[in-house]
Amino acid sequence: MRFDILTLFPAMFTGPFTESILKRAQQAGLLDIVLHDIRAYATDKHKSTDDYPFGGGAGMVMKPEVLYRALAEVLGMGAVVQAEAEVLVPLPAERPPVLLMSPAGEPFTQGMAEELAQAPRLVLICGHYEGIDERVRECCVDREISIGDYVLTGGELAAMVIVDAVARLQPGVLAAASTDEESHSDSLLEYPHYTRPAVWRGQPIPAVLTSGHHANVHRWRHEQRLLRTLQRRPDLLQRAVLSEQDREYLRRHGWGTSLLPDDPAAS
Ligand code: ADE
C-alpha cells in the first residue's frame, strides 16, 4: 500500500516511520510512504505557504495555489496545472482518496481504518495554520478526518496516527493472529495479558491461564473483554455483536442497571 503525505514539516515523520514495524514493512516492500514538502510548490521568492484570512480574524490560512500544485504533482498532473494558471483543472476522477487532517473532520475509528486499508493508495494532507483555503477543500478533498476532539498544532501527528493504524492492517505487516482479538476490532476492549514469571513479587497470574484447558482460557478471555468494556467503555457495547450468553454475563455484572445521567436542564 502506498501513502503520499503532503506536509510543511517532512522531518517530523522521521522516527515514527523509520523505526520498528513500519520500518520493517517498508523494507519488505509492503508499504511505500512518500513525503512531499508543500513548501517546494510555493510560487513566490519567499516560498510563502500561508496568508492572512479575508474578512480578518486570527491566524493564517494555507494558500490555495501552493497546496493545489502539490496535490496535482502527486496525482501526476503537475505539468497541466502549471500550464493552466487561470483555470481550476479538476483532479482526475480516478484518483486515490484525498484525506485532509482536520479537527473538524469525521472522527477516526478502527472501522474507518479498516475501510481505508482497502485502498491501494491514500493521499494525506496535513493542514497547518487556521486551515486551508475552502476552495481547495471543495475541489480536491474527498474526506476530512479528525483523530479526536482536541486541537493539534498541525495535521502531522494525525497523519502519523492514521498511517500507523491503516498500515498495520495490511497483510504481512503484523503476525496474522495479532489483530483478531485486539481492542476495538469488534467493539470490545482487549483482555489482560500476562507473561513469565507466573508469580511476580507475590502477584500470581489467574489460575485458568495455566490450566491447559483451552476452552476455559478462551471463555475467560472473552469474559474479561466483556467486563473491561462494561467498566471502561460501556458506550462501545451498543455496537458490539453480543450473544445471548454475553448479554446474560453482562447483566450479571450490572449492565443495564445503572441509571442514565440526569438531564441538567430538568433540575
Ligand atoms: N489538526 C489539528 N487538530 C487535529 C485533529 N484533532 N485531528 C486531525 N487533524 C488535526
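The values are calculated or read from the model by the stated rules, or taken from the named source; none is laboratory data. This one's a predicted model, so the numbers in the text were calculated from it and none came from an experiment. Cβ atoms come from the backbone with ideal geometry, glycine included; neighbour counts cover every protein chain shown. We work out accessible area using only protein heavy atoms, side chains counted, and drop any ligands, DNA or RNA first. Shrake-Rupley method; radii C 1.70, N 1.55, O 1.52, S 1.80 Å.
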Rounded to the nearest 10 degrees, what's the angle between the helix 214-232 long axis and the longest principal axis of the chain, both from Cα atoms, 0 to 90? 60 degrees
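Express the carbon and sulfur contribution to the solvent-accessible surface of the range 2-176 as a percent, rounded to the nearest whole number, probe 1.4 angstrom. Show your work: numbers first, answer last.
Numbers: 4970 of 9070 Å².
About 55 percent, which is the carbon plus sulfur part of the accessible surface.
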Computed over the chain, the relative contact order (Cα-Cα under 8 Å, seq sep at least six) in percent reads 18 percent
Per 10 Å bin, what is the whole-percent P(r) computed from every C-alpha pair distance within the range 2-176? 9, 38, 36, 15, 2, 0
Reduced Cα scattering model of the range 199-266, Debye log10 I(q)/I(0), q = 0.11, 0.17, 0.21, 0.23 Å⁻¹: -0.40, -0.76, -0.96, -1.04
Using Cα springs under 10 Å in a Gaussian network model of the chain, which residue among Val141, Val87, Val173 shows the largest mean-square fluctuation? Val87
Heavy-atom accessible surface of the range 199-266: percent carbon and sulfur, 1.4 Å: 53 percent
Formal net charge of residues neighbouring Met60 (Cβ-Cβ distance under 12 Å; K, R +1; D, E -1): -3
Measuring from centroid to centroid over Cα atoms, what is the spacing of the range 91-148 and the range 6-73 in Å? 13 Å
Any idea what diffusion coefficient the range 131-264 gets from Stokes-Einstein, in µm²/s, Kirkwood Rh on alpha carbon pairs, 37 °C, 0.692 mPa s? 173 µm²/s
Rounded to whole Å², per residue accessible area for the chain with a 1.4 Å probe reads 59 Å²
Can you compute the modelled spin-label distance between Asp51 and Gln203, with each label point 7 Å from Cα toward Cβ, in nm? 5.9 nm
Of Ser102, Ser146, Ser211, which has the largest mean-square fluctuation in a 10 Å C-alpha GNM of the chain? Ser211
Within 15 Å, Cβ to Cβ, of Val136, how many net charges do the neighbouring residues add up to if Lys/Arg are +1 and Asp/Glu are -1? -4
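What ranking do 188-196, 3-11 get when scored by the average of other Cβ atoms within 10 Å per residue, highest first?
3-11, 188-196
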The range 149-202 to the range 210-247: how many Å between their Cα centroids? 18 Å
Whole-Å semi-axes of the ellipsoid equivalent to the range 178-217 (Cα gyration tensor, √5λ, descending): 23, 14, 8
